[in-house]
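For reference, the structure is listed below as C-alpha coordinates.
The values are calculated or read from the model by the stated rules, or taken from the named source; none is laboratory data. Since the model is a prediction, treat every value here as computed from it, not as a measurement. These accessible areas exclude ligands, DNA and RNA; they are computed on the full protein's heavy atoms, side chains included. Shrake-Rupley method; radii C 1.70, N 1.55, O 1.52, S 1.80 Å.
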Amino acid sequence: MALRIRDLREDNDFTQAEIAALLNVSQATYSRYETESLSIPHSSLEILADHYHTSVDYLLGRTNIPEPYPKK
(Lines give C-alpha, C1' and ligand atoms only; values in the text may rest on other atoms or scores of the structure.)
Protein backbone atom coordinates (compact mmCIF):
# COMPACT_ATOMS: atom_id res chain seq x y z
CA MET A 1 0.00 0.00 0.00
CA ALA A 2 2.77 2.44 0.85
CA LEU A 3 4.26 2.06 -2.62
CA ARG A 4 0.89 2.73 -4.24
CA ILE A 5 0.20 5.93 -2.32
CA ARG A 6 3.74 7.19 -2.94
CA ASP A 7 3.58 6.37 -6.65
CA LEU A 8 0.18 8.03 -7.02
CA ARG A 9 1.43 11.14 -5.21
CA GLU A 10 4.57 11.36 -7.34
CA ASP A 11 2.77 10.54 -10.62
CA ASN A 12 0.35 13.40 -9.91
CA ASP A 13 3.15 15.82 -8.92
CA PHE A 14 2.04 16.36 -5.33
CA THR A 15 4.38 16.90 -2.42
CA GLN A 16 4.02 15.06 0.86
CA ALA A 17 3.09 18.39 2.46
CA GLU A 18 0.22 18.92 -0.01
CA ILE A 19 -1.25 15.47 0.62
CA ALA A 20 -0.72 15.85 4.36
CA ALA A 21 -2.74 19.08 4.24
CA LEU A 22 -5.51 17.27 2.33
CA LEU A 23 -5.62 14.64 5.08
CA ASN A 24 -5.28 17.24 7.85
CA VAL A 25 -2.11 15.62 9.25
CA SER A 26 1.48 16.78 9.50
CA GLN A 27 3.96 16.09 6.72
CA ALA A 28 5.86 13.86 9.14
CA THR A 29 2.75 11.77 9.79
CA TYR A 30 2.09 11.41 6.08
CA SER A 31 5.72 10.42 5.52
CA ARG A 32 5.23 7.63 8.06
CA TYR A 33 2.19 6.42 6.06
CA GLU A 34 4.41 6.13 2.98
CA THR A 35 7.07 4.17 4.86
CA GLU A 36 4.48 1.96 6.58
CA SER A 37 5.75 2.96 10.02
CA LEU A 38 2.22 4.20 10.78
CA SER A 39 -1.11 2.75 9.65
CA ILE A 40 -3.36 4.96 7.58
CA PRO A 41 -6.82 5.50 9.09
CA HIS A 42 -9.75 4.27 7.01
CA SER A 43 -11.10 7.78 6.66
CA SER A 44 -7.79 8.92 5.14
CA LEU A 45 -7.83 6.01 2.68
CA GLU A 46 -11.27 7.12 1.52
CA ILE A 47 -10.03 10.69 1.03
CA LEU A 48 -6.99 9.47 -0.93
CA ALA A 49 -9.11 7.17 -3.11
CA ASP A 50 -11.47 10.04 -3.95
CA HIS A 51 -8.56 12.43 -4.55
CA TYR A 52 -6.81 10.06 -6.95
CA HIS A 53 -10.08 8.81 -8.53
CA THR A 54 -9.42 5.21 -7.59
CA SER A 55 -10.72 2.67 -5.08
CA VAL A 56 -9.59 1.92 -1.55
CA ASP A 57 -9.06 -1.68 -2.71
CA TYR A 58 -6.56 -0.40 -5.28
CA LEU A 59 -4.71 1.59 -2.60
CA LEU A 60 -4.63 -1.49 -0.38
CA GLY A 61 -3.27 -3.67 -3.20
CA ARG A 62 -6.37 -5.88 -3.25
CA THR A 63 -6.85 -5.17 -6.96
CA ASN A 64 -4.68 -3.93 -9.79
CA ILE A 65 -7.58 -2.12 -11.42
CA PRO A 66 -7.18 1.57 -10.61
CA GLU A 67 -10.66 2.67 -11.70
CA PRO A 68 -13.04 3.52 -8.85
CA TYR A 69 -16.15 1.49 -8.18
CA PRO A 70 -19.39 2.97 -9.51
CA LYS A 71 -21.29 5.10 -6.99
CA LYS A 72 -24.61 3.67 -5.83
Bins of 10 Å, starting at 0 and running to the largest distance - Cα pair percent for the chain: 20, 60, 18, 1
Would you mind telling me the share, in percent, of accessible area of the chain contributed by carbon and sulfur at probe 1.4 angstrom? 50 percent
Over the chain, with the other protein chains present, what is the accessible area per residue in square angstrom, probe 1.4 angstrom? 66 Å²
